[in-house]
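> I have a structure here, written as structure tokens, and I will follow up with some questions on it.
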Amino acid sequence: MQKTMILSILHILLLLFPNAAKASIGIGIGVGIGIGTGNGGVGANTPLPSGSNLNNAYTALQAWKSSITDDPLKILDTWIGSNVCSYKGIFCDTSETPFVAGIDLNHANLQGTLVKELSLLSDITLLHLNSNKFSGTVPDTFKDFTFLQELDLSNNQLSGSFPTVTLDMPSLVYLDLRFNNFKGSLPEELFNKKLDAIFLNNNQFSGEIPQSFGNSPASVINLANNKLSGNIPASFGFMSSKLKEILFLNNQLTGCIPQGVGIFTEMQVLDVSFNSLVGHLPDTISCLQDIEVLNLGHNKLSGDISDVICSLRSLLNLTVAYNFFSGFSQECSRLFNIGFDFTDNCIPGRNMQRPSPECSVIPDVNLNCLRIPTPKPLVCGTLASRASNFKYTNIHSSSP
């Protein structure tokens, strides 16, 4: 209970500082308050009660300080003495038994590594290290962060395979690894965790998206600018209907857009651009009544763009450029003034389209995409229950 209260207080502090930023589309800005002085109203000369928590914190932070090779903003000049709660970027709870509750060193431009001794800070609930120059790997000892709820390691130079130690943090809800040099496959367990936000964009992850993808309860997932291949898992249509943003852009994905996309009635951003997706658009896209940005550009999609898609009530930007679409309805014309890019398709009578020879051979036009049966006419409110029943039936029919 106390750890939850501390995190709530830190979140209030986040709102009071101008460097606080919401997790946003494809941008490497983490949630944080920038570089601050330790909280709790404790000054540099204020004595603190002795205790193992602060002794461990002193050991951890001094070990980390020794590993940092460049500190252009002179942050670490304040990391002197045993009163760790006076260090810049360190936030303490000083009631009863004092402990370090959070670390926020966003935009400190520190260069160094993450040392194993940091795990001695076992009570922290928030670790924000956005926009530094930390290199190396994430220590396995980070599994001791049993109370950590937010981990932001974005905009660094970290490398190695996916840091599976993050999957051993039982309280984690926000994971931000974007803009690093991580590579290799994504673990199945990642999407089984109770994470609300998953930011993995701008790394070098490869291989197929795990079939466990549909188990994720996250509201925001960003997989953009990696080397992921294969199909978007069919389980995509079984995810939490609370999903608001999903970005697959600039990978090597193939196959179709799953029909189950229609269950995401609260989705605001869907970006599958710069892949090799094929086939016609599923009619269930018409159920995305909260969608604001729909980017399908730079794929191999074909068919017509129907009026039910262009009439989506919240749509602000529709990009279908560099595909093989052969037409769009009059309703789509209303989007010209707010954002509708249909260049380099195969639409007769329109400017800036593909040359005719390219349109004579449409990629995988006969591909039979797996579709969840939907009612005719389409009733969007029934999709979630149908998808749920479809998933339940398939799981139990495959049981021994």
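The values are calculated or read from the model by the stated rules, or taken from the named source; none is laboratory data. Note that the structure is predicted; figures quoted are calculated from it, not measured. Cβ sites come from the backbone with ideal geometry, for glycine too, and all protein chains shown count toward neighbours.
> Going through region 54-68 one residue at a time, which ones are surrounded by fewer than 19 Cβ atoms within 10 Å (Cβ to Cβ) and touching a residue at least 60 places away in the same chain (Cβ under 8 Å)?
From region 54-68, those surrounded by fewer than 19 Cβ atoms within 10 Å (Cβ to Cβ) are 55, 58-59, 62-63, 65-67; that's our starting set.
Passing the criteria: only T59.
> Next question, about the same structure. Based on this model, can you work out whether I309 counts as closer than 29 Å to S229 by Cβ and at pLDDT below 90? Quick ask: steps written out before the conclusion?
Numbers: closer than 29 Å to S229 by Cβ: yes; at pLDDT below 90: yes.
The answer is yes for I309.
> If you scan region 168-193, which residues turn out to be under 13 Å from the mean Cα position of the chain (by Cα) and in a loop (DSSP other than H, G, I, E, B)?
Answer for region 168-193, where residues must be under 13 Å from the mean Cα position of the chain (by Cα) and in a loop (DSSP other than H, G, I, E, B): V173, L177, R178, F179.
> Quick one: in region 210-240, which of the residues that are touching a Pro at 6+ places or on another chain (Cβ under 7 Å) and in contact (Cβ under 8 Å) with a residue 40 or more places away in the chain is surrounded by the most Cβ atoms within 10 Å (Cβ to Cβ)?
Once the filter is applied, the top-ranked residue is G237.
> From the list F91, F99, F134, exactly one residue is under 28 Å from L167 (Cα atoms), buried (at least 20 other Cβ atoms within 10 Å of the Cβ) and modelled with pLDDT under 95. Which is it? So that I can check it myself, show each step before the final result.
Working: F91 fails: modelled with pLDDT under 95; F134 fails: modelled with pLDDT under 95.
The unique qualifying residue is F99.
> Restricting the search to region 178-197, which residues are under 21 Å from L277 (Cβ atoms) and crowded, with 22+ Cβ neighbours inside 10 Å? First the steps, then the outcome.
Initially, region 178-197 is screened for residues under 21 Å from L277 (Cβ atoms), giving 185-186, 191.
Result: L186, F191.
> I would also like to ask the following. If you go through region 148-167 one residue at a time, do you hit one that is among the hydrophobic types (A, V, I, L, M, F, W, C), over 25 Å from L228 (Cα atoms) and touching a residue at least 12 places away in the same chain (Cβ under 8 Å)?
Looking only at region 148-167, we keep the residues that are among the hydrophobic types (A, V, I, L, M, F, W, C), and these are 148, 151, 153, 158, 162, 165, 167.
Subset that is over 25 Å from L228 (Cα atoms): 148.
The next check asks that each one be touching a residue at least 12 places away in the same chain (Cβ under 8 Å); those that pass are 148.
Yes - at least one qualifying residue is present in region 148-167.
> Would you be able to say whether some residue in region 276-290 is at pLDDT 95 or above, of a type outside the set (K, R), within 20 Å of the chain's Cα centre (by Cα) and under 30 Å from K194 (Cα atoms)?
Scanning region 276-290 turns up no residue that is at pLDDT 95 or above, of a type outside the set (K, R), within 20 Å of the chain's Cα centre (by Cα) and under 30 Å from K194 (Cα atoms).
> Now, a different point. If you go through region 161-184 one residue at a time, do you hit one that is in contact with a Gly (Cβ under 6 Å, 6 or more places away or on another chain) and at pLDDT below 95?
no
> Additional query: Working carefully through the options D71, D140, D144, D77, find the one that is modelled with pLDDT of 95 or more, in contact with a Ser or Thr (Cβ under 7 Å, 6 or more places away or on another chain) and in the same structural domain as S171 (by TED's automatic domain parsing). Please lay out each step first, then the result.
Working: D71 fails: in contact with a Ser or Thr (Cβ under 7 Å, 6 or more places away or on another chain); D140 fails: in contact with a Ser or Thr (Cβ under 7 Å, 6 or more places away or on another chain); D77 fails: in contact with a Ser or Thr (Cβ under 7 Å, 6 or more places away or on another chain).
Going through D71, D140, D144, D77 in turn, just one is modelled with pLDDT of 95 or more, in contact with a Ser or Thr (Cβ under 7 Å, 6 or more places away or on another chain) and in the same structural domain as S171 (by TED's automatic domain parsing): D144.
> Here's another thing I want to ask about it. Assuming S302 fulfils every condition listed in (1) touching a His at 6+ places or on another chain (Cβ under 8 Å); (2) in contact (Cβ under 8 Å) with a residue 40 or more places away in the chain; (3) surrounded by fewer than 17 Cβ atoms within 10 Å (Cβ to Cβ) apart from one, which condition is it?
(3)
Residue by residue, here is whether (1) among the polar types (S, T, N, Q); (2) in contact with a strand residue (DSSP E or B) (Cβ under 9 Å, 6 or more places away or on another chain); (3) farther than 18 Å from Q111 by Cβ holds:
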residue	(1), (2), (3)
K133	no, yes, no
L175	no, yes, yes
N180	yes, yes, no
L186	no, yes, yes
L190	no, yes, yes
F199	no, yes, yes
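> Next question. Pick from region 98-110 the residues that are within 25 Å of the chain's Cα centre (by Cα) and without any contact (Cβ under 8 Å) to a residue 60 or more places away in the chain: which of them is farthest from K143 (Cα to Cα)? Steps first, answer last, please.
Initial filter on region 98-110 (within 25 Å of the chain's Cα centre (by Cα)): 101-110.
Narrowing further to those that are without any contact (Cβ under 8 Å) to a residue 60 or more places away in the chain: 103, 109-110.
On the way: I103: 17, N109: 25, L110: 23 Å.
If we take residues in region 98-110 being within 25 Å of the chain's Cα centre (by Cα) and without any contact (Cβ under 8 Å) to a residue 60 or more places away in the chain, then N109 is farthest from K143 (Cα to Cα).
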